[in-house]
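Each remark here refers to the structure printed beneath this line.
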Amino acid sequence: MHIPLRISLIQTKLYSTKNKNLSHLDNLINRIENTDIILLPEMFNTSFCPNKTHLAETMKGETIKWMKRKARHYKCSIVGSLMIKEKQKIFNRLVWITSKKEIITYDKKHLFPLVNERKYLVAGKKRVIIKEKGWKICPQICYDLRFPVFSRNNIDYDILIYVSNWPENRIDAWKILLKARAIENQCYTIGVNRVGKDNNNINFSGESMAIDPNGKVLNLIGVNTEKTDTIVFQKKELHKTRIKYPFLKDRDSFTLIN
């Protein structure tokens, strides 16, 4: 039995104040009527500011508690990345909290060199596959998008997700790479991005999207627009594509190493 999966993308402005971000997201999430997963951008509670390590929280901090409340109230999973401090190290950590309070995490593997992210944060070592309602999902973070080997579909996952703060001046790469990841991995691919200007006056145009395994855009949130969109994914359509075009059978075998 193929169970449809509803995923809600939240394309939003982000602020430097944690309380303001969470309050603003409260209003956007309230617009969602029925969903299985809510996706938030990278560092949704602070905006992308790896040099401000004092903003990092623990896994028992305010933002994680907020995520738990949302997952419980809306009876769905909620997903986004934030700076997490653990054992004197700080990670750009994607946190996935289910309605049953189960917590799965993925630490960003590729740290962004143009802002010296690796100077302040510690890179993760492995990718994670998450199971939701019979679907296998591979979550990654922003700069990971540029590294196809790390996302290579050698285990038949169904959906590839990127939570991001991807600037407008490189948005063409965003759109091309998301399509490429979908086509080469024969999977649904989702990119959720922010809008607005950050503290360095860099503009983010959003253009969050969902793409099918053939590279067709199923949903595109407009430029510089704050919006919440929910997309329904059908696994039977994914299986039809893989049967009609059995390209994954010819993939090269490899092993990811740290």
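When the residues of the stretch 117-131 are filtered to those that are open to solvent by less than 20 Å² (accessible area, probe 1.4 Å) and touching a residue at least 60 places away in the same chain (Cβ under 8 Å), which remaining residue is farthest from ALA56 (Cα to Cα)? Filtering first and then ranking leaves GLU117.
Checking each residue in the stretch 177-202 for being outside any helix (DSSP H, G or I) and open to solvent by 40 Å² or more (accessible area, probe 1.4 Å) picks out LYS197, ASN199, ASN200, ASN201, ILE202. Only residues that are in contact with a helix residue (DSSP H, G or I) (Cβ under 8 Å, 6 or more places away or on another chain) and either among the small types (Gly, Ala, Ser) or over 20 Å from PHE44 (Cα atoms) (or both): list them for the stretch 123-147, please. Matches in the stretch 123-147: ARG127, GLY134, TRP135, ARG146.
Only one entry in LEU145, LEU114 is without any contact (Cβ under 8 Å) to a residue 60 or more places away in the chain and open to solvent by 10 Å² or more (accessible area, probe 1.4 Å), namely LEU114. Across the stretch 206-218, the qualifying residues are those that are open to solvent by 30 Å² or more (accessible area, probe 1.4 Å) and of a type outside the set (A, V, I, L, M), and the one among them that is farthest from ILE190 (Cα to Cα) is ASN214.
The values are calculated or read from the model by the stated rules, or taken from the named source; none is laboratory data. Since the model is a prediction, treat every value here as computed from it, not as a measurement. Glycine also receives a Cβ, built like all others from the backbone with ideal geometry; neighbour counts cover every protein chain displayed. Protein only, heavy atoms only, side chains kept; ligands, DNA and RNA dropped before computing areas. Shrake-Rupley method; radii C 1.70, N 1.55, O 1.52, S 1.80 Å.
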